[in-house]
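The values are calculated or read from the model by the stated rules, or taken from the named source; none is laboratory data. Note that the structure is predicted; figures quoted are calculated from it, not measured. Cβ sites come from the backbone with ideal geometry, for glycine too, and all protein chains shown count toward neighbours. In case anyone asks, the SASA skips ligands and DNA or RNA and just uses the protein heavy atoms, side chains included. Shrake-Rupley method; radii C 1.70, N 1.55, O 1.52, S 1.80 Å.
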Amino acid sequence: MDQDSHCTAERELLEAVSRITTFSTTSPSDEERNQLKAEISCQVRKENPEKDDLQDSNASLSPNSAMTTKELQEYWRNEKRQCRQVKLLFEIPSTRIVEHHLSKYVMYKIIILQTGSFDSNKSVIERRYSDFEKLHRNLLEEFSEEMEEVTFPKKTLTGNFTEEIINERKLAFKDYLRLLYSIKYIQRSKKFIDFLTRPELQEAYGCLRGGQYTKALEILLEVIGLQERLTRGNPVSIVPTLCAIVVCHKDLENPASAFEYGEKALSRLRVHTSHRYYIPLLETMITLAYELGKDFLSLQEKLEEWKAKKDPIRVFTLKELAVREYVQ
């Protein structure tokens, strides 16, 4: 489904919410809520049958959800904002030569900017020639037709470390990333997003598992902005990163910051209550809310409601889930 169709669908969903709210200024009855959710669920399935990352997001709306009309409206307002197109620019301003034991290679500094944004919104990563080469092979396997017109800078037998070759590749890789990003299916693909984010996430989760929470948090906060811009059409996909940030803040005894990021994660799971992070996140948020003197009863009610509907199963803690991410 293209961007315009997705936005049109979201407008129709918001209109559906508005139709319900015009009948009453108070909370809707169960029947009204269920009718609204059924209409939204049907529209989502019709307009977007191939939602990305289905097994993680579990995107179908539950007819038993206890969301109020206000919560539904807020959810779809967020969804509408998510559908706005984000355009990114790729710059490769510099390189550095790395000599490690018997190997020698060039690292390309990639700056990713959102069009019309200030420098505070930029992301900076480094990748080497072999990283680009692996990406190209992976994309050819899945998008052979879309990749027909995409050229990749070839290896040379000699001169790989000359200023002339390095400068040529800087320009070539910049054009390469720009062209890949212009292809809708590649732009949204997990392989392309992983190329831009996975090495940093692996490092961050490695630090988290080693108890280096300050370093892990530093990296995660750098990555989350880029993840958000790359996955606007699938906001649930960044829930693990948000939850890892919660874990780091909590272990660093920053409960207010942990609660802030927990709220962001929980808002993305309002209609994804079967997501593996939902219950561990709820349990953590109850603890944080109690510690901060915030309303924890509403969170407790959601937890009890979920437990009443589901068969008892073993649920990992939020930290246990986080340390399992990106385990090789």
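At 7 Å along Cα-to-Cβ for each site, give me the label-to-label distance between residue 89 and residue 190 in nm.
3.3 nm
Which value, in Å² rounded to 10, gives the accessible area of residue 164 with a 1.4 Å probe and all protein chains present?
130 Å²
Just grab the label-to-label distance for residue 218 and residue 317, each label 7 Å out from Cα along the Cβ direction, in nm (one decimal).
In this crude label model, residue 218 to residue 317 measures out at 2.6 nm.
Can you work out the Karplus-derived ³J(HN,Hα) for every residue in the range 223-237? Use 6.51 cos²θ - 1.76 cosθ + 1.60 with θ = phi - 60°, whole Hz, and x for glycine or proline.
Residue by residue, the range 223-237 yields 7, 4, x, 5, 4, 4, 6, 7, 10, 4, x, 9, x, 5, 5 Hz.
Show the residues, 5+ positions off or on another chain, whose built amide H is closer than 5 Å to the amide H of residue 146.
none
Give, in nm to one decimal, the length gained when the segment between residue 165 and residue 138 is fully stretched (0.36 nm per residue of separation minus the Cα-Cα distance). Provide the component values of the computation, followed by the final result.
Details: separation 27, 0.36 × 27 = 9.72 nm, distance 2.46 nm.
Here the segment from residue 165 to residue 138 would lengthen by 7.3 nm.
With θ set to phi - 60°, apply the Karplus curve 6.51 cos²θ - 1.76 cosθ + 1.60 along the range 197-202 and write out the HN-Hα couplings as whole Hz, x wherever there is a Gly or Pro.
The phi angles translate into 10, 4, x, 5, 5, 4 Hz.
Work out how much length residue 198 to residue 99 would gain on full extension: take 0.36 nm times their residue separation and subtract the Cα-Cα distance, in nm to one decimal.
Net length gain for the segment: 33.3 nm.
For the range 162-290, give the magnitude of the charge dipole about the Cα centre (Cβ charges: +1 Lys/Arg, -1 Asp/Glu; no others), in debye to the nearest 20.
660 debye
Could you pull out the pairs from 109/170; 87/122; 264/294; 155/184; 109/134 whose alpha carbons sit more than 20 Å apart here?
155/184
Of the peptides 141-150, 171-180, how do they stack up when ordered by the mean number of other Cβ atoms within 10 Å, highest first?
In descending order of packing, they fall as 171-180, 141-150.
Let me know the charge dipole size of the range 88-188 about its Cα centre in debye, to the nearest 20, where only the beta-carbon of Lys, Arg (+1) and Asp, Glu (-1) is charged.
300 debye
Quick check: with the 1.4 Å probe, what order do 315, 239 take by accessible area, largest first?
These residues rank, largest area first, as 315, 239.
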